[in-house]
1. Which ones in the range 197-244 are under 24 Å from Ile172 (Cα atoms), in a loop (DSSP other than H, G, I, E, B) and not β-branched (Val, Ile, Thr)?
2. Determine whether Asn314 is surrounded by 20 or more Cβ atoms within 10 Å (Cβ to Cβ) and of a type outside the set (Val, Ile, Thr).
3. Would you check if there is a residue in the range 374-381 being within 24 Å of His64 (Cβ to Cβ) and among the polar types (S, T, N, Q)?
4. Restricting to the range 334-357, name every residue that is in a helix (DSSP H, G or I) and either of a type in the set (Phe, Trp, Tyr) or farther than 25 Å from Lys376 by Cα (or both).
5. Please go through the range 154-185 and give me each residue that is assigned to a strand (DSSP E or B) and farther than 30 Å from Asn217 by Cα, ordered by number.
6. Quick one: in the range 41-71, of everything that is without any contact (Cβ under 8 Å) to a residue 12 or more places away in the chain and within 26 Å of Lys141 (Cα to Cα), which residue is surrounded by the fewest Cβ atoms within 10 Å (Cβ to Cβ)?
7. Residue by residue through the range 436-455, note down the ones that are assigned to a helix (DSSP H, G or I) and free of Cβ contacts under 8 Å to residues at least 12 places away in the same chain.
Amino acid sequence: MHKFILTIFILIIGVNIQAQSDKSTYKKLDKALELIETKYIDTVNSADLATKAVQAMIKELDPHSKYLSPDDLKTNRESLNGSFAGIGIHYQIINDTLMILNTVKGGPSYKAGLKAGDRILKIDGEIATGKDISNKYFSKKLRGKKGEELSITIKNHKNSKVRKITFERGSIALNTVEISYMIDDKTGFIRIKSFSRTTNYEFQLAVMQLQMEGMKNIIIDLRDNPGGLMMSSIRLSDDFLSNDKLIVYTQGTNLPRTDYKSNGGGMMESGRVVILIDNNSASAAEIFAGALQDWDRALIVGRRSFGKGLVGRNYDLPDGSAIRLTTGRYYTPSGRCIQKEYTKGDKKSYDNDLLERFEHGELYSADSVHFDDSLKYYTNGKRLVYGGGAIMPDIFIPLDTTYNNDFIKDTRKKGLINYFAGNYFDKNLDELNAKYPSFESFNTTFVLPEETYQNYIDYAAKKYELTPNEEDKELINHYIRLQITAILARSLYKDGAYYKIYNKEDKMVINALNTINNKKIFKNNGIQ
């Protein structure tokens, strides 16, 4: 009995010591700030010091925990919610001036009668032209609160008349489905750029339309998709899986295991599926790819994904900022941890991982990717897959080096392709609209004039002293024309017209299309 009482006493003392230790830690931070405020030789900004202290603490954690300023938090919420308050324009900065490419149908700019080619000269009376303007500048000036009034001064494209327009900011959708179309008579193609609250609604609308057009199979492009809302990815997976299938589970030191399962009855439970991924496909994109791979529901095509499998949650701070804190890890149905290895407090090495993949040859050869035998896992159909972070594709496609040319890389860095596409759009807009009223007419008959291409070459030489190698001239000619044509299509027709043109030469898309039309490949891999 005495031993029992002694044990309880020791446990209570231990708990009290721990509690006192925790309290002393908090008091230590408060005391340090108090001393600096009251004893330091100079006046200090306490709020700024507190922010830097929080940032310094977070740097010692994992690579994805971070401090979010009030502006960062607002942008993050807009991205996840799938909308923001603005005026609804797509634009390009040409010669230090914002030129409207097109307006969002039903948005404030559309209702106000703004047209492609119009230029913004002033915003709320402030001059909005010159060398200091940038995308960040316009994002800050044009976005705001829904219903908030905004005035802009516009120079009309057709008659050069200047007029002032006043209207209210409205809710503008941030569509995450960039493009959906029939890439052949039985196959739909959908590109998803991120996962937000609207992704599933957008996806289901796209699928319904494609099914009406005869879609039986589907290619889903998740390349360069950084992720987003976990639940959005789970709901998308549910569209492809029958009832009661584990999609993902989360677990952490202070986060008990939570399983997320399918409900069945989804729109895509049948038909062949190919998912495209690359080294920039992360988080929610990896949840989706991993779930369908583990249940043998899809073939994954491309290169090893990023490897971001940490559960993050935003916790608000009193000043309107927030901490995005990692609380657990994602695991695929087979038990694979999606998160790649990292060392706490060492973000530099973590960020260099993609560069190291490039240097080790992983982007060019699947044989350069090595897995530990202790990380073997098996899909539902007993196919071998590996853990250790990221999703390894079933079919590896090396990085396309066709256009790995110094002249192309250098002129891209200078932004010449976008610059020339924007200028051509501006100077020939009326003719383009008259001659190519639909994407189909543009896609089948438009040819970039030789003069425009030659101007590109001449400008690169005069402005930046860049000249193409003689042996690569034909390759460069083709690439520059392809890119300018695709960018023009995007500016003229929206709705992913860029990808409709570029996909015809995209080697990963071509491989995916050949794969999805080959039943034998699916059968040999045990894919539904």
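The values are calculated or read from the model by the stated rules, or taken from the named source; none is laboratory data. From a predicted model like this one, the values you see are computed outputs, not experimental measurements. Every residue, glycine as well, gets a Cβ built from its backbone with ideal geometry; the counts of neighbours run over all protein chains shown.
1. Answer for the range 197-244, where residues must be under 24 Å from Ile172 (Cα atoms), in a loop (DSSP other than H, G, I, E, B) and not β-branched (Val, Ile, Thr): Arg197, Leu222, Asp224, Asn225, Pro226, Gly227, Leu229.
2. Numbers: surrounded by 20 or more Cβ atoms within 10 Å (Cβ to Cβ): no; of a type outside the set (Val, Ile, Thr): yes.
Criteria not met by Asn314.
3. No; the residues of the range 374-381 include none that is within 24 Å of His64 (Cβ to Cβ) and among the polar types (S, T, N, Q).
4. Here is the first cut: in the range 334-357, the residues in a helix (DSSP H, G or I) are 347-351, 353-357.
Once the filter is applied, which keeps residues that are in a helix (DSSP H, G or I) and either of a type in the set (Phe, Trp, Tyr) or farther than 25 Å from Lys376 by Cα (or both), the range 334-357 yields Lys347, Lys348, Ser349, Tyr350, Asp351, Leu355.
5. Ile154, Lys155, Val162, Arg163, Lys164, Ile165, Thr166, Phe167, Glu168, Gly170, Ser171, Ile172
6. Looking at residues that are without any contact (Cβ under 8 Å) to a residue 12 or more places away in the chain and within 26 Å of Lys141 (Cα to Cα), I get Asp48.
7. Glu440, Ser441, Thr444, Thr445, Glu450, Glu451, Gln454
Rundown of residues vs (1) charged (D, E, K, R); (2) on the phi > 0 side of the Ramachandran plot, yes/no style:
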| position | (1), (2) |
| --- | --- |
| Ser242 | no, no |
| Thr253 | no, no |
| Ser283 | no, yes |
| Glu286 | yes, no |
| Arg304 | yes, no |
| Val311 | no, no |
